[in-house]
1. Read phi for every residue in region 29-43 and hand back ³J(HN,Hα) as whole Hz from Karplus 6.51 cos²θ - 1.76 cosθ + 1.60, θ = phi - 60°, with x for Gly and Pro.
2. Within region 43-64, list the residues whose amide N lies under 19 Å from a label point set 7 Å along Cα→Cβ of residue 29.
3. Just need the Rg to Rh number for the chain, please, alpha carbons only, Kirkwood Rh.
4. Calculate what fraction, in whole %, of the accessible area of the chain sits on carbon and sulfur atoms when a 1.4 Å probe is rolled over the protein chains.
5. Fully extended, how many nm does the chain gain between residue 40 and residue 17 (0.36 nm per residue separation, minus their Cα-Cα distance)?
Amino acid sequence: MIDDPAEPVTGLVPRLVGQTALGAAITAYRQWLDGESGDLTALIARAMSLLTTGFTDEALSSRA
C-alpha cells in the first residue's frame, strides 16, 4: 500500500492520502473558526478518526 516501493511519492495513493488528510484538517479548522468547538486538537482528532474508521453510524454517533 503506502509503503509500497513501487508507488512513487508523487503517485496516486500518497497524494490521495495527503489530500484527504488535509481536507479533514481544514474542515476541522473551519468548524473551530466558526466557534463550534473550543478545542481544535479534538476536532482534528475526530476528523482523522472518521477517516480511519469510515463514516459508520457508530463512528458518527461517537463524540470522543
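The values are calculated or read from the model by the stated rules, or taken from the named source; none is laboratory data. Model, not experiment: these values are computed from the prediction. Methodologically, a virtual Cβ is constructed for each residue, glycine included, from the backbone with ideal geometry; neighbour enumeration extends over all protein chains shown. The accessibility values were calculated without ligands, DNA or RNA, using every heavy atom of the protein model including side chains. Shrake-Rupley method; radii C 1.70, N 1.55, O 1.52, S 1.80 Å.
1. 4, 5, 5, 5, 4, 6, x, 6, 7, x, 10, 4, 4, 5, 5
2. So the set is 43-51.
3. On the way: Rg = 14.1 Å, Rh = 13.1 Å.
Over the Cα atoms of the chain, Rg/Rh equals 1.08.
4. On the way: 3060 of 5050 Å².
On the chain, the fraction of accessible area on carbon and sulfur atoms equals 61 percent.
5. Details: separation 23, 0.36 × 23 = 8.28 nm, distance 2.11 nm.
Taking 0.36 nm per residue and subtracting the Cα distance, the gain is 6.2 nm.
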